[in-house]
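*Asks:* Handing you a structure now.
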Amino acid sequence: MHPKQVTRKKFAYICANSNRNIMLKAKQSDDQAGNGGIFNVLAGGTVITGSIVTESDFRLDGRIEGDIHCNGKIVIGPKGCILGNVISENAEVLGSVDGTIRIREKLILKSTAQVKGDIFIQILEIEPGANFNGGCTMSGKNSAEIADKLLPPRVNPNGTK
């Protein structure tokens, strides 16, 4: 017999910006998921103006007018939109990005992706139907070294570099 897998879910809400009521939901799903199963979700219909920095994975179904620095994986859903730069370990784009994308490892552009801007990556996967207008720099085996030069230093949860 195989032991049953236990799934624990935890929710934490983070409110920011004294001028607006902005709510991000950090959600822990399966304990076996990457980053301990913790990821952030910005729901559809939500608009944030300003930059976001996160240590955990990030799912975007809303709109961000600013930059995102994610030390995990970012998934931009089919209705997700970023007007700004994206910096992340890995990324999957189903929605739209208007800005520079800098990824340390792998970028996937799904068939519904709309990207306008330059990309800097190690591995690029583009599905038929994806729309990409910009320059592409693939760094190959030296990607970690090149990405460290291109990307700002990683931020620890306590705010130190």
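*Asks:* Given a 1.4 angstrom probe, I'd like the percentage of the accessible area of the range 35-120 that is carbon and sulfur, rounded to a whole number.
*Replies:* 51
*Asks:* In nanometres, what is the gap between the two model label sites at Val53 and Glu65, each 7 Å from Cα along Cα-to-Cβ?
*Replies:* My value for the distance between the label points is 2.3 nm.
*Asks:* Here is a follow-up. Starting from the Cα of Glu105, step 7 Å along the direction of its Cβ; do the same at Asn131; then give the gap between the two resulting points in nm.
*Replies:* That separation, rounded to one decimal, is 3.0 nm.
The values are calculated or read from the model by the stated rules, or taken from the named source; none is laboratory data. Note that the structure is predicted; figures quoted are calculated from it, not measured. Every residue, glycine as well, gets a Cβ built from its backbone with ideal geometry; the counts of neighbours run over all protein chains shown. Note: areas computed on protein heavy atoms with side chains; ligands, DNA, RNA excluded. Shrake-Rupley method; radii C 1.70, N 1.55, O 1.52, S 1.80 Å.
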